[in-house]
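The values are calculated or read from the model by the stated rules, or taken from the named source; none is laboratory data. This is a predicted model, so every value here is computed, not measured. Every residue, glycine among them, receives a Cβ derived from its backbone with ideal geometry; neighbour counts consider all protein chains shown.
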Amino acid sequence: MTAASSLRSVDRFVPVYALAWAGGAIAYTPFLTLLLPERIADAVGAESAVDWLSALAFCGAIAASVANIAFGYLSDLTGTRRGWIAGGMVISCLLLALFPLVDGFWPLIGLIVLWQFGLNMMLAPLAALAGDVVPDQRKGTLGGFLAFAPALGAASGALVTWPGLAGAEIRPGIVAVLVAVCVAPVLFSKLPAPVDPDLLADPQTHSRPKPPARMVVARMWLARLSLQVAEAALFAFLYLWFRAVDPSLGASSTAIVFGVVLAISAPIALGVGRWADRHDRPLAPLSISAVVSAVGLGLMAAAQGTLPAIAAYGLFGVASSVFLALHSAQTLRILPRPARRGRDLGLFNLTNTTPSLIMPALALAMVPTFGFPGLFAILAGLAALAAVLVPRRTG
């Protein structure tokens, strides 16, 4: 196979892969943000629902962290990804469909933990699969396509909760069907040639990463963690902040702003990712988008009035979405051990779960004393730190 035909094969595969990645977002976004809170609030009331959701989120984050590392590593050891992806898809979809039948706090804890294991059995090998077959020349394009996943996840939530479409007991089943439809094509598509077949076949050839690579990996990990803390805080407190700025802004208006920002960010990320590929500047967009995110958070801290607040959040939301999508793809470029790609990506996944544990303490320390401006000022500093931490070279 010539280099040109190999790249054409990759170009055909990347949209199929991105659809599967969107299936992962569809699996958890409507369930965790809409279906689970709605079910618990109806069952125990709004006040008790906060305690229940906090406990479920904590247990789910721990389970997701452990499962992502474990199943990524198992897919490394077995030398296959798609069998694990298929198994995880089936398990997580079945548990989603069973969700309406489960009652009580401890049964829900058990369901969430098992569901997180099934979900990450699917997601961890799926993340590693991209590193196996997408070469560096297409990493930026891959990151751009990945930016569509959050938007489709949010759209799926709007779809399944559309008034009159389906009752509450049917909605998790609809989500499960959507997930299967999105993920199934990647299980049957012809894969491009492996990027590094020799290294994958002989793990001992990469038993020790070079020292420079370790520093690059550490800086990429810390950069994502810094920005993810800000992203997690806005995900949790955006509605409350908008209400503080303008009490007339309700949940519907907040959801519309959130969805529009995600929709705008996806094509921008794709364009920026393709630019990075063409000019061989894989990490430059990360630094720039982190700086823009910091500026957006600074403007949010100073915002007075509805339109300035929405515009400032839009700037942050688009820039941070571009950063996170492109960072996910470029991380595949700098991992030092192809034979342990699944395990190492699981360690990177801690940057997605750890902020959920950090963010509540940070908000409680800042908001009661300094208000949201004080919190956003700290988050702006973290975003600026992410820009500094992003390496100038891939190592």
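If you go through the stretch 83-92 one residue at a time, do you hit one that is within 16 Å of Gly342 (Cα to Cα), crowded, with 21+ Cβ neighbours inside 10 Å, outside the structural domain of Leu262 (by TED's automatic domain parsing) and touching a residue at least 40 places away in the same chain (Cβ under 8 Å)? So far as the stretch 83-92 goes, yes, one or more of its residues are within 16 Å of Gly342 (Cα to Cα), crowded, with 21+ Cβ neighbours inside 10 Å, outside the structural domain of Leu262 (by TED's automatic domain parsing) and touching a residue at least 40 places away in the same chain (Cβ under 8 Å). Condition test on Val44, is it more than 19 Å from Thr161 (Cβ to Cβ), at pLDDT 95 or above and surrounded by fewer than 24 Cβ atoms within 10 Å (Cβ to Cβ)? Answer is no for this residue. Candidates in the stretch 285-306 are the residues that are among the hydroxyl-bearing types (Ser, Thr, Tyr) and farther than 12 Å from Val318 by Cα; of these, the one that is surrounded by the most Cβ atoms within 10 Å (Cβ to Cβ) is Ser287. Among the residues of the stretch 68-104, the one identified as more than 20 Å from the chain's Cα centre (by Cα), under 24 Å from Ala22 (Cβ atoms) and not in a helix (DSSP H, G or I) is Thr80.
Counted as qualifying within the stretch 284-382 are the helices (runs of 4 or more DSSP H) with 3 or more residues that are modelled with pLDDT of 95 or more, namely 284-302, 306-334.
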